[in-house]
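In what follows, a structure is listed as structure tokens, so that the remarks can point back to it.
Just so it is clear, none of the values below were taken in a lab; they were calculated from the coordinates. Note that this is a predicted model, so its numbers are computed, not measured. Cβ sites come from the backbone with ideal geometry, for glycine too, and all protein chains shown count toward neighbours.
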Amino acid sequence: MTIRVYYEDTDVGGVVYHSNYLNFCERARSQLFFDAGRSPILDGGHFVAKHIDADYIKSAKFGDILELKTTLVEIKNASFTLLQEVFRGDVKLFSMKIVLVYIDFTGKMAKIPSSEKEFLAAL
């Protein structure tokens, strides 16, 4: 997914504010579902972040065009792990591993539905 850095994404110095990298990655995860004609909100539940390990490597700045890449690292019965990276051209700016857990609408962790597990495995 490609995005442009807007003024609202930056601090007073024109550098992307640290928490916005998480927002960019959230958009990229949602876009994976939308591109496949799906919604990240499922009939029986949805995914929530359980753990994030983030590495801020270099700064993105106002006006930059960024490429976000998402790769499946691992899938389990009720969770999956993604590697998400942000690039400006060939330069990696940010990298994170995120563990997402499937919860049902009662708020309890549950087994990922098989159709969604197949979709995720194809990433």
Just to be sure before I move on: is Gly14 at positive phi and loosely packed, with under 13 Cβ neighbours inside 10 Å in the structure I sent?
no
Contact list, first residue from the stretch 60-77 and under 27 Å from Ser114 (Cβ atoms), second anywhere and part of a loop (DSSP other than H, G, I, E, B) and of a type in the set (Lys, Arg), beta-carbon distance below 9 Å, six or more apart or interchain, is Asn77/Lys111
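Determine whether the stretch 4-19 contains at least one residue that is within 24 Å of Gly107 (Cβ to Cβ) and in contact (Cβ under 8 Å) with a residue 40 or more places away in the chain. Outline the logic, then answer.
If we filter the stretch 4-19 for residues that are within 24 Å of Gly107 (Cβ to Cβ), which is where we start, we get none.
Among the residues of the stretch 4-19, not one is within 24 Å of Gly107 (Cβ to Cβ) and in contact (Cβ under 8 Å) with a residue 40 or more places away in the chain, which makes the answer no.
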Where residues in the stretch 23-75 are of a type in the set (D, E, K, R) and more than 13 Å from the chain's Cα centre (by Cα), which of them is nearest to Thr10 (Cα to Cα)?
Lys61
